[in-house]
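Everything below concerns the one structure shown next.
The values are calculated or read from the model by the stated rules, or taken from the named source; none is laboratory data. In this text, all values refer to a predicted model and were calculated from it rather than measured experimentally. Cβ atoms come from the backbone with ideal geometry, glycine included; neighbour counts cover every protein chain shown.
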Amino acid sequence: MADLGQIAQMQITESRLDALREEAARTGKVRDAGIVPSGSPFPKPAAAASYNGNPVLKPPTWTWQVPLYFFVGGVAGVSAAIALVTHLRGYAALERAALWIGFAGALMSAPLLIADLGKPMRFLNMLRVFKIRSAMSVGAWTLSGFSSAVGLAVVCHEVLLAGYGNGFLLLIEWVAEIVAALTGMILASYTSVLLGVTAIPVWSENRKLVPAVFLTGALGSAAAALELLGFRIPATQLIGIVASIVEIVIAIAIEVRDRYVDRPLREGAVGWLIRVGAALAGPTALLLRIFSGHSPALRDVAALCFIAGALIARFAWIAAGRVSSRDPQALFQIQRRNREVTAAT
Amino acid sequence: MTVSAFLTDATLCIGCKACEVACKEWNHVPADGFNFTGNSYDNTNALGASTWRHVMFLEQPTTLGPQIAGTEDPFRWLFLSDVCKHCGNAGCLEACPTGAIIRTELETVYVQPDVCNGCGYCVVSCPFGVVDKNHDVGTAFKCTFCYDRQLEGLKPACAKACPTESIRFGELEELRAHGRLRVQELQRRGYKDAQVYNPQETSVAGVHAMFVILGEPEAYNLPPAPEVPIVHMKSAWTTALLSALVAVMVVCLAFVL
């Protein structure tokens, strides 16, 4: 009985196959589901070896506060540098605004970082050691130093402005501003090292590009923030134009370089997020600036576009790391290439 | 001073997961949940904050060693118990900003749970994707190499529970020698693709949890040439500080003009 049943099933299967072949020959395509062979699915060799295509690496655990902190910290840091330069040049109003942007950014940064840790008290563990080899440790100390310095500079500046200061207070303000500018530039740049020195392929392989992305975003956004506070002057316009041009160059570089490891930057939702960020901060902001002429409104829109683009870019780069961590082949490919290079030398 | 090590042998593993259970029992590691992955008998797919031993199940269309296949579809089923590699140069340890991750006197890599602050930087710095953040507790967890048991002269729980001695625990140099002998023996018996996984030529500088595997390491999600991320620190900082310098120059230029 079993044999008869099997034969009957085979005949049905064979005739079904014939019908499918005929349909395929006649119409050039098969619309029906076809047949399911007994014993299927058969094990097949994977196109490229990995453990069932599972990720080798862990995705970043950082919450949304971290990319926002990257942005805010970057803007605050560059603003402190702008404050120092404008102080040297004697632009008092600009200096005051830049100092306040730096101080506001510093006030926002620590809570954002601490929120990611879950329990606020845990942040103190960052300050029990200083490890020059850990970008995270360097960053925690830099943020602490920057916040203190920029806070002191703002207090000194306001007291002097109110007419209560003396020469000694002015000296303290200068020292605080210099320290804030130095730590501020480290604050704006260390976040790119934080990504570059990891095992995540798309971050690690772009360790020379991420600094340019982050610093351009911070520089352009700091100038844009000043413009939104009313400083629509040639200097902020020039910084804005330079930043937008660099954004365009970076976007072209990402598109033109045909590297497997860069696929998260070009493909899928994250790829489009990168492109939207670049389009806003690059060509959109640039064109608005060029045509702003006598229209302050266009300058404001350009500034807003740049800030939005730079902010989106931070989120997109973190998200790209998440995508990259899921692809075992991105990791294996780099390592095979490195091994060949070592073997050749 | 002894250097503790594991040698985990895929050719001896029977996929019983006693190591996973013993590890959870001894270390009070939380459950992973009842997940059906569809990947053979694997329930977790990877190591993680609550999976410190992970038994892999590999279904491959190849013959096993000297096996004579009487079928057109050759097939072999391999098992391997994965674990934290306790690297010679550990990416997690270098990245940790609090000093929570330390090198113990046994040369193992240990996360001090009361010092870890959950920054998550070790998670992205591990070239093997081992350490992860437990989102209920908010801090990082991984294999402790049963530091507490070792201090009392006991074997790690997984090695103790392993019924086939697939998980060997011992001194690093002894196990390296044992691994070499084991591979020679396997090759003589016809397992031509047997090899020891221990990336000594890379910046990781060898692992303290070695493996005897059949076939390429990639099939076990073991990176063929893992690197400690810290090797890129100099180039990353150089570019970052140069970029910062250029940014400052643009500011100066803008306000001087």
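For the stretch A:195-226, the tally of residues that are more than 7 Å from chain B (Cβ to nearest Cβ), part of a helix (DSSP H, G or I) and of a type outside the set (Ser, Thr, Tyr) stands at 15. Checking B:Asn35, B:Asn45, B:Asn89 one by one, the residue that is facing chain A (nearest Cβ under 10 Å) and out of contact with any Phe, Trp or Tyr (no Cβ under 7 Å at 6 or more places or on another chain) is B:Asn45 and no other.
In the stretch B:75-91, of all residues being assigned to a loop (DSSP other than H, G, I, E, B) and among the hydrophobic types (A, V, I, L, M, F, W, C), the one that is modelled with the lowest pLDDT corresponds to B:Phe75. Quick check, is A:Ala188 within 14 Å of chain B (Cβ to nearest Cβ), within 30 Å of A:Val323 (Cβ to Cβ) and outside any helix (DSSP H, G or I)? No: the conditions fail for A:Ala188. On inspection, A:Pro201 qualifies as under 20 Å from the mean Cα position of the chain (by Cα), crowded, with 23+ Cβ neighbours inside 10 Å and touching a residue at least 60 places away in the same chain (Cβ under 8 Å). Between A:Leu152, A:Leu161, A:Leu169, the distinction of being outside the structural domain of A:Glu255 (by TED's automatic domain parsing), farther than 30 Å from B:Pro127 by Cβ, in contact with a Lys or Arg (Cβ under 8 Å, 6 or more places away or on another chain) and not β-branched (Val, Ile, Thr) belongs to A:Leu161 only.
Looking only at the stretch B:64-71, decide whether some residue is in contact (Cβ under 8 Å) with a residue 12 or more places away in the chain, within 14 Å of another protein chain (Cβ to nearest Cβ) and over 24 Å from A:Arg128 (Cα atoms). Scanning the stretch B:64-71 turns up at least one residue that is in contact (Cβ under 8 Å) with a residue 12 or more places away in the chain, within 14 Å of another protein chain (Cβ to nearest Cβ) and over 24 Å from A:Arg128 (Cα atoms). Once the stretch B:103-136 is narrowed to residues that are at the interface with chain A (Cβ under 7 Å from one of its Cβ atoms) and either surrounded by fewer than 23 Cβ atoms within 10 Å (Cβ to Cβ) or over 15 Å from the mean Cα position of the chain (by Cα) (or both), the residue that is nearest to B:Asp148 (Cα to Cα) is B:Val115. Residue count for the stretch B:122-152 under the criterion of being on the phi > 0 side of the Ramachandran plot and modelled with pLDDT of 95 or more: the result is 3.
Okay, residues lined up against (1) of a type outside the set (Lys, Arg); (2) within 14 Å of the chain's Cα centre (by Cα):
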residue: A:Ile250; (1), (2): yes, yes
residue: A:Tyr260; (1), (2): yes, no
residue: A:Trp272; (1), (2): yes, yes
residue: A:Leu280; (1), (2): yes, no
residue: A:Arg289; (1), (2): no, no
residue: A:Pro296; (1), (2): yes, no
residue: A:Gly321; (1), (2): yes, yes
residue: A:Arg336; (1), (2): no, no
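Checked against (1) of a type outside the set (Gly, Ala, Ser); (2) in a helix (DSSP H, G or I); (3) in contact with a Cys (Cβ under 9 Å, 6 or more places away or on another chain), A:Lys131 meets all criteria but (2). Specify which of the listed residues (A:Val261, A:Val256, A:Val242, A:Val246) is closer than 14 Å to B:Ala254 by Cα and hydrophobic (A, V, I, L, M, F, W, C). Testing whether each residue is closer than 14 Å to B:Ala254 by Cα and hydrophobic (A, V, I, L, M, F, W, C) leaves just A:Val242.
Any chance the stretch A:101-110 includes a residue that's at pLDDT below 95, more than 9 Å from every other protein chain (Cβ to nearest Cβ) and closer than 27 Å to A:Val66 by Cβ? Yes, that holds for at least one residue. None of B:Thr44, B:Thr8 is modelled with pLDDT of 95 or more, closer than 28 Å to B:Gly88 by Cβ and in the same structural domain as B:Arg168 (by TED's automatic domain parsing) except B:Thr8. All conditions but one from (1) buried (at least 17 other Cβ atoms within 10 Å of the Cβ); (2) outside any helix (DSSP H, G or I) apply to A:Gly271; the one that does not is (2). Close Cβ contacts (under 9 Å, 6 or more residues apart or on different chains) running from residues in the stretch B:35-46 that are more than 14 Å from B:Asn221 (Cβ to Cβ) to residues that are of a type in the set (Phe, Trp, Tyr) and in a loop (DSSP other than H, G, I, E, B) comprise B:Asn43/B:Phe34; B:Asn43/B:Phe36. Taken as a whole, the stretch A:257-268 holds at least one residue that is assigned to a helix (DSSP H, G or I) and without any contact (Cβ under 8 Å) to a residue 60 or more places away in the chain. Against the test of being within 11 Å of another protein chain (Cβ to nearest Cβ) and at pLDDT 95 or above, the options A:Ala176, A:Ala181, A:Ala153 yield a single qualifying residue, A:Ala181.
The conditions of being at the interface with chain B (Cβ under 10 Å from one of its Cβ atoms) and either in contact (Cβ under 8 Å) with a residue 12 or more places away in the chain or part of a helix (DSSP H, G or I) (or both) are met by A:Leu84.
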